[in-house]
Amino acid sequence: MASSYLLQCPNFSTNLNLTSKPTTLKTTPSFLLIKAAASSSNNNTSTSTATSNNIRDEARHQNLTNPQQNHNFSAKYVPFGADPATSTESYSLDDIVYRSQSGGLLDVHHDFSALKAFPGSYWRALFDSRVGKTTWPYGSGVWSKKEWVLPEISSDDIVSAFEGNSNLFWAERFGKQFLEMNDLWVKHCGISHTGSFKDLGMTVLVSQVNRLRKMNKPLFGVGCASTGDTSAALSAYCASADIYRAACAAHCQRAFVLSIDTDFDGCMQLIREVTSELPIYLANSLNSLRLEGQKTAAIEILQQFDWEVPDWVIVPGGNLGNIYAFYKGFHMCKELGLVDKIPRLVCAQAANANPLYLYYKSAWKEFKAVKANSTFASAIQIGDPVSIDRAVYALKKSNGIVEEATEEELMDAMALADSTGMFICPHTGVALTALMKLRKSGVIRSSDRTVVVSTAHGLKFTQSKIDYHSNNIKEMACRYANPPVSVAADFGSVMDVLKKYLSKTPKWCLGLEEPTCVATSEPAKVMIFGI
């Protein structure tokens, strides 16, 4: 299946030598020139006169008058896994760098000594005080934790759609009916304006790009490899920022998309090569900034439980940055005294793209990339994940587990979840399959508080739902399919069909006998009274 990578472009008529390295760029992109001209008027300005009481103006005033804003918090890039206290290699977040000198991953390291000057109770109260507000930029679930994300960025540079603050809902019927669990929750990160958790990381990355362009850094554009979610988030945030639009011709005001006849891994290799040759900022999770936004979902979970730690958190895994981001969020809360432990993490992979699962089953002896086969969980169809080292670290530190789901298992799980009102994506079906397996084996107990992370919205995958319920998926039983019935448009025909249907409806659907519990294969204890 063809994939693509996306370039958010300023102006393709700019006179660039496309064979030159970024460091040899002689011509300043026109968007930088226009931004410099515009910035000189920001202090005077007709904009603030016309809208003298907007939330950005209020934020500027708070920065001048509120001592809380004048902190000494900071963060920097360090080689992943290195001890920041002894490592001689580090980079400013304003540097355009994605790998360490040895070629390894980088990590954003925060100055914990400065953060620890405030007790955990202070941070809990501060974060809680910002929830549901419109104060710029703290109305965002990500930027409500600004001091832990990008502490040195000006609020004026932040690009936000008030993302985050996503629903954590009690999956009561699914938990009770199929798993005999009373404390099952779903963190619906797909409730977002582009429909996936990628918004959490992209607000951070594009905000930093916004800062860098004001510093006249030689950036021609922003690019990513994507099967859909990442490029949608990147395009939306670049458009929201109007980063390049002032300098664009009309046809360049949209994202520039290349559709490439390869899978995600092939696209990822290409965009890495492109960003090493051109001044295009890499927006995939190889860039550590993305994970700083994604980790806030973990902190939100703790907030939503009134700072009580769940027993388990199950995350779908593809490129594997997200499982580390969740670990990082939980770890920061423990390290800074907001909680006293972290949950056990489970990374769930599709069996058709399961390199981490195979590595885990080998007792971490040898990692081998795989050729990812087609899966309905398309966003995690990745055979050579960039963040493999990060994921292994997170799982080892959290006493974590890796599970997998076949195509039939994940689609069945999605159908069962939808039958209880969830309306989830196939990736969440992968995570629910992992939960079912761990519940059936007794690893996860009926009393354990468990959170399943839903990474995208079900509306993005309606065709897969239609195919399943129409029994149109080859070599799949579609055991829980609910196909439509064609009937003539007259009352008698409709009544005949309804009577026939009701006579064949399973008794448990009518509340006349008990359904089966997936976890134990025994009759469940909850009656289903709807059809």
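For this structure, a couple of remarks:
- Loop-resident sites, segment 100-137, for chymotrypsin sites (Phe, Trp or Tyr not before Pro), counting at most 16 other Cβ within 10 Å (DSSP): none
- Of the residues Asp448, Asp389, ranked by 1.4 Å probe accessible area with the largest first, the sequence reads Asp389, Asp448.
- For peptides 53-59, 416-422, 432-438, sequence by mean Cβ density within 10 Å, most packed first: 432-438, 416-422, 53-59
- Residues of segment 459-481 falling in the label zone of Asn167, defined by backbone nitrogen less than 17 Å from a point 7 Å along Cα to beta-carbon, are 459-462.
- Relative contact order of segment 70-131, pairs being alpha-carbon contacts under 8 Å that are 6 or more residues apart, as %: 37 percent
- Each peptide in 233-241, 339-347 receives the mean, over its residues, of other Cβ atoms within 10 Å, and ordering these scores from highest gives 233-241, 339-347.
- If you take all other residues with their beta carbon under 12 Å from the beta carbon of Gln269, and give Lys and Arg +1 and Asp and Glu -1, the sum is -3.
The values are calculated or read from the model by the stated rules, or taken from the named source; none is laboratory data. In this text, all values refer to a predicted model and were calculated from it rather than measured experimentally. Cβ: placed from backbone, ideal geometry, glycine included. Neighbour counts: every protein chain shown. Heads up: the accessible areas ignore ligands, DNA and RNA and are worked out on the full protein's heavy atoms, side chains in. Shrake-Rupley method; radii C 1.70, N 1.55, O 1.52, S 1.80 Å.
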